[in-house]
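A short worksheet on the structure shown next.
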Amino acid sequence: MTAPPESVWTALQTLGSSMDFQTKVYRNETSGLLLWVSYVEPMVEMETVVRSIFPYLFHCPFSSLEDMRQILPIDDAYISSDPADVKAKLFEGYLFIRLHETDETGLLVKAQKTLERTLTIPEVEFSVVGPKESFIESLETNLYLLRKRIPIDRLTVKLTRVGTLSKTKVAVVYLDGIANPDNVQTVLQRIKQIEFDEMIDSSYIVQIISDNRHSPFPQLLDTERPDRVAAVLAEGKVAIMVDGSPHVLIGPTTLVEFFSSFEDYFLNWTIASFFRLIRLFSVAFSILITPMYVATLNYHYELIPKDLLGTLITSRREIPFPPILEVLFLELTIELLREAGARLPTKVGQTIGIVGGIVIGTASVEASLTSNVLLILVALAALASFTTPVYKMGNTIRLIRFPFLLFAEVWGLLGVAFCFCMVMTHLLYLTSLGRPFLAPLYPPRWRDLKDAFIRLPFTSQSKRPETLRTEQPIRFSGKKVRKKRDIDE
Amino acid sequence: MASVAERLQVSPFMTFYIIMSMQIGVGVLGFQRVIAQTAGHDAWISVLLAGASSHLILIVLYWLLQQADGDFLLLHQRLFGRWVGGAFSLWLALYFAAMSFVVLRTYIEVIQVWMFPDLQTWEFSLAFLLLCLYITVGGFRVVVGICFFCLIIPSYLLFTFWFVLDHADFHLLLPILDHPPSAIVKAAGQTTLTMLGYETILLFYPFIKRGAQSAKWAHAALLATTLFYTLLTVLTLAYFSEKQLQRQIWPTLTMWKMVELPFIERFEYVGIANWLLIILPNVCLGLWCSSRICKQLFPIRQKTALLIIAAICFFSTLFVHDRKQVDLINTILNRTGFYFLYIWIPCVAVITYIVKKVRGNV
Amino acid sequence: MRMRTALLAMAIVAILSGCLRKEILDDINIESAVGFDEAGKDKVRGTILIPVYKKGETANKTLTAVSTTAKDVMEELQYKTSEPLVSGSIETALYGERLARKGIFPFVDQLRRDASIGTRLYLAVVDGTAKHLLEGNYGRQGSGIYLSNLVRQNIEQRDLPKTNLHLFLKSYYADGKDPFLPYVRRAGEDVQVAGVALFRGDRVVDTLKRNDMFYFKIAVDSYSEGTHTIRLANQNFVSIKNISTKRTISFSGPKTRPSIHIHIALEGAVREYKRGAFTFAVRRSVEKTFAQQIRSKTGALLRRFQEHQIDPVGLGEFAASHYRRFHYRDFYKHYDQLPIRVTADVTIRYSGIIE
């Protein structure tokens, strides 16, 4: 890190080496004063400058910087002589106006260019019902989206800058009086301690401040839906917003939240619970089915029902490889397809996906390189692994399958049980912002189970989750007494 | 001495899971045969008796813990002096280490006989102990998490016994109390091995928040275990004829051979694989208790003690080779546990009571 | 934290270094049935049935070997195959009648000791040789499945009482009960259940014909879905379906010489009656005739058991559950003279759609 420049003049000289830094001289018609206007061209909105600033600068009478400041219609204008401040503001799109070329003091006027994506629908967490707004890269717009959903004063925003090169604005948002102060403190402290140069995205922050960096399981939830963030802030969580990233981080989280899609809250609770259970089952299926295939075919033929035995044997008869190689071949093919499809432009990617999937699959069955039963299982498992609503967890699920496969190959069913214990122990160790990751399963919080595997109706969720240890556990008053009526009364 | 930081403690409700998962271990697979040999078709009454007596012993244990302010080893020290008390505590550490070792070796034998005859003892022993070390190094909270999950997840196995009902003749249990009471009581003593596990409360009591309130959960666990064992014994006695039962080394596993689910035949393989989850807390908690005693007796860190004890367990498993030796170590553990719980603990209680009367407090 | 990672890594390494003998599904010969016969003096012939899976119908293959003990026979058979024989999927075990009359326990014991064999498998005695029966080709899914389905279907819906390896051993080891097994016979391209083979210990001493099987089953087991045809006094036949039975055994008298009373409660339905209307009188007459037949035929069976000194119903066992300090020796000393009374209660309802 270089030492701060000694003066504004040297700062401007250093900046002058870039072609996009301009210093222009203008003359005020009325008073005849010369004005030196410096700015970084890409960051400045020239239209605002030409329309709102220059007319005043060139035609209104003033004799000092103070007058200038009062005349200009721009609110965010102030006089500064701090070189670091001037530099920072120049890069934010401010104009630096001086009366003489060698002046150390000047007026900083905001003329920032804001170019950003228009608000679009969420791509990753798309929902059929419910609002379809999603966060974009600008922190201001994101805060706007959030504030309009919680228009009260308790919504506190704490701003810091992270990254020596990128100076990214990071906002920690929480509801004062509801979120546990320990959680907030942990987040703020960890963010302050980040030492990084170019902070591009919120996922960088996740990887740096996570409790357990080496675990494949994500410990902070990331979302691009403002409604989801608003809902969890109301529960008592803390949100981290990063300028330049459309993904907002939420913590502390638990494992079960990674399997709940926000759409569950828009549907009737019975349907939502059903979908959640299906999701859980499909995850278990996805992780265990191919290892079970390997284990059963290698060691435990007695487990297979007699009617199925014939099918399996005939399907495997001509295949020269042992089951584990078959499975690895197919799993890797699916990974290849997925990676290739992700890299190619949309149209080509879709074709490759379909062609690859169908053609390779059918051809390998016909060439007797794999069995058709296994093809179905692997395809189903791959599909099932994509039912997790959170993208990061989907990746983890796909990864976890491989240790299970290895263990099943070596020790059969016993290996599967062993690997399960290992994964379970690993999950027991995980914490999210210091809170246990496996809550509400362990430590068991019975009240929180209402929103874990099934989702009970809103009327029974009048208390905030215990795991967050919020300051105000009651959300709204629970039941209203209804008058009991007899039949036909 | 007995106070532990609050962040390391668990809620009293967890006592239920710790004790129940510790009690249900390898003994469940084969205990019915031994007691049926002594008490015939009245063996289920022996199980009930053993369960009832365990409640009494648990009351004594809690009383001792109250007297000792949560630290049982301190009680040994206060009553018997530093060296003799330390010797008794060390013997207790050996006992817990032996418990881990016996459970592990017996399970390996089951795998070797039923599933993988060519599984090398050292392979499984090494891998399993490393997993247990991974768990125990995380501290008591992680161990309790394992106890919790390893009780809840395999609980579905209970439903598998439904399939066995078809072949059960309950009239084989009649007439009740047809055997002499001495036989029934003797068989109750033989069930001790399967009931063992709740003495670990002596070690983990300081880790329970509001320890005194955990008594009801501990008793609930004992009750649940007793009921489970009694029902299992009843089912076994109805399922097998007497002499047939004598020929089965692992009656529970043989019963599982009869279970047939729509997509899994021969359920006993699934059962044995699930059993790994059931014995995991047993071995972990045994290692944890043992190393904790060592930490309090010797100036070593608990991690070091843990490694040493795990290494000892590992090497011990290599020396036990066949059925007879496995039987022997199980019998030794059974007897040791019996003497500890039913003779040593009451003695200590009596001595404490006398000392309290004489000195005023311990 | 570093220790944890190291431990985890070590655990993984420890496991992956292990190597277990695999039995990959398509590289093994899966036995689906075995059979044992006499083969000369002190020798045994063992036959195993291996399904050959193909697309479409499954073919069958048998292998035979002769040796002195059952274990030796299995070893001999391993020499004859290119892929290892595994016995975990055996569903049926057959014993030739001549061998069964000499004692089958060594063979059953061998099945029991094998940890990979289940206890649900069916045992049967063959009228003829097991080898001859196993060499036939039955059914489309392979003879092994055919045989086990045959026995299962007869147990669930016809007149075979519940039986499998576990129940056989249970009766064999019980002091108060003798085992029995289905008695099968090959008839061309089919296998038929010809009756029930009764054992004393592990030897066959008697066989029941098919007509007697119904009256045997109601004494030994219970029906939940049976059918039986009885002949009425006036040469009419009535077919009674949906039979469910319950048997109660009670004792009275001293425990050394008890009087036994077996009571059968039977419920059934008549679906069609061709000779006119199924009036109340007709129903009463059917009920009475049926009860009478049960009394006489089951009673005759029980007397037959007494004469042969066998106890497949398990009267000794029931007596043991009734009396305190019961001794089987005293009971069986006078077994053939014990008074056994059979009574029956039959309830019929009419459930046809045409009156």
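A few comments on the model shown:
- Nearest-0.05 FRET efficiency for A:PHE266 and A:PHE54, computed from C-beta distance (R0 51 Å): 0.50
- Working ranking of peptides A:178-185, C:80-87 by packing, defined as the average number of other Cβ atoms within 10 Å per residue, highest first, is A:178-185, C:80-87.
- Relative counts (whole %) of C-alpha pair distances in the protein assembly as shown, using bins that are 20 Å wide: 9, 28, 31, 20, 8, 4, 1, 0
- Neighbour-count ranking [beta-carbon atoms within 10 angstrom, fewest first] of A:ILE487, B:ILE332, B:ILE345: A:ILE487, B:ILE332, B:ILE345
- Once backbone amide H atoms are built at 1.01 Å from N, A:SER432 has A:PHE437 as its partners under 5 Å, excluding neighbours fewer than 5 places away on the same chain.
- Here the range A:160-204 and the range C:295-337 have alpha carbon centers that stand 86 Å from each other.
- Contour excess over end-to-end distance, with Cα ends at B:TRP162 and B:LEU8 and 0.36 nm allotted per residue: 51.4 nm
- Once both labels are positioned 7 Å from their Cα atoms along Cα-to-Cβ, the gap between C:ASP109 and C:ASN234 label points is 6.1 nm.
- The protein assembly as shown, dipole about Cα centre (Lys/Arg Cβ +1, Asp/Glu Cβ -1), debye to the nearest 20: 4780
- If the Kirkwood radius is taken over C-alpha pairs of chain B, then at 37 °C and 0.692 mPa s the Stokes-Einstein diffusion coefficient equals 156 µm²/s.
- Where N is the number of residues in chain C, Cα Rg divided by 2.2 N^0.38 Å: 1.22
- The Cα atoms of the range C:85-204 define a convex hull whose projected area, averaged across directions, is 7.3 nm².
- Neighbours of B:ARG301 by Cβ distance under 12 Å: Lys/Arg scored +1, Asp/Glu scored -1, total +3.
- Averaged over peptide A:419-427, the number of partner chain Cβ atoms lying within 10 Å of each residue's Cβ comes to 6.
- Charge dipole of the protein assembly as shown about the Cα centre (unit charges at C-beta), most positive-ward option of A:ILE376, C:ILE262, C:ALA115: C:ILE262
- Note on C:LYS241 and C:ILE24: the model spin-label points, each 7 Å out from Cα along the C-beta direction, lie 5.1 nm apart.
- Once you reduce the range A:227-245 and the range B:167-191 to the center of their Cα atoms, the two points are 64 Å from each other.
- Taking a span of 15 Å or more along the helix axis (Cα atoms) and a mean Kyte-Doolittle hydropathy of at least 0.0 as the rule, the DSSP H helices of chain B that qualify are B:43-67, B:72-114, B:121-136, B:140-152, B:215-239, B:268-297, B:302-319, B:345-359.
- Linear extension gain, A:PHE402 paired with A:ALA342, 0.36 nm per residue minus alpha-carbon span: 19.5 nm
- Neighbour-count order for A:VAL348, A:VAL327, A:VAL129, fewest beta carbons within 10 angstrom listed first: A:VAL129, A:VAL348, A:VAL327
- Beta bridges by DSSP in the protein assembly as shown, antiparallel share as percent, to the nearest 5: 75
- Test item: C:160-168 mean partner chain Cβ contacts at 10 Å: 2
- Taking a sphere under 9 Å around the Cβ of A:PRO83 and counting the other residues whose Cβ falls inside, with K and R at +1 and D and E at -1, yields a net charge of -3.
- Rounded, prolate or oblate (a/c below 1.5 giving rounded, otherwise prolate when a/b exceeds b/c) for chain A by Cα gyration tensor: prolate
- Each part reduced to its alpha carbon centroid, the range A:1-68 and the range C:57-89 end up 98 Å apart.
- For the residues of B:253-266, the average number of beta carbons from a partner chain within 10 Å of their own beta carbon is 5.
- Segment B:ARG323-B:GLN37, length gained on full extension (0.36 nm per residue, minus Cα span): 101.1 nm
- The range A:139-253 - Rg and Dmax from Cα coordinates, angstrom: 13.1, 39
- For the residue pairs A:LYS24/A:LYS169; C:LYS71/C:LYS131; C:LYS55/C:LYS131; A:LYS392/A:LYS450, the alpha carbons lie more than 20 Å apart in A:LYS24/A:LYS169; C:LYS55/C:LYS131; A:LYS392/A:LYS450.
- Cα shape, the range A:265-435, gyration tensor, a/c 1.5 rule: oblate
- Nearest-0.05 FRET efficiency for C:GLN157 and C:LYS288, computed from C-beta distance (R0 41 Å): 0.95
- Rg(Cα)/(2.2 N^0.38 Å) for the range A:46-198, N = residue count: 1.35
- Compactness index (Cα Rg / 2.2 N^0.38 Å), the range A:8-110: 0.97
- Spin-label pair A:THR156-B:ARG210: with each label point 7 Å from Cα along the Cα-Cβ axis, the two points sit 3.1 nm from one another.
- Those residues of the range C:298-332 whose amide nitrogen sits under 18 Å from the label point placed on C:ARG200, 7 Å along Cα→Cβ: C:301-317, C:328-332
- Dipole-positive endmost among B:MET22, A:TYR39, A:TRP446 within the protein assembly as shown (Cβ charges, Cα centre): B:MET22
- Charge tally in the Cβ shell below 11 Å around C:LEU160, where Lys, Arg are +1 and Asp, Glu are -1, C:LEU160 excluded: +2
- Order of B:ILE249, B:ILE272, B:ILE111, B:ILE176 under a 10 Å beta carbon neighbour criterion, fewest first: B:ILE176, B:ILE249, B:ILE111, B:ILE272
- Separation of the alpha carbons by more than 27 angstrom is noted, of A:LYS148/A:LYS483; B:LYS257/C:LYS217; C:LYS170/C:LYS333; B:LYS303/B:LYS324, for A:LYS148/A:LYS483; B:LYS303/B:LYS324.
- Residue with peak Gaussian network fluctuation, chain B [Cα springs, cutoff 10 Å], from B:LEU79, B:LEU129, B:LEU235: B:LEU79
Every number here is computed from the coordinates shown, using simple stated rules; none is lab data. No experiment lies behind these values; they were computed from the predicted model shown. Cβ coordinates were reconstructed from backbone atoms using ideal geometry, including for glycine residues, and neighbour counts include every protein chain displayed.
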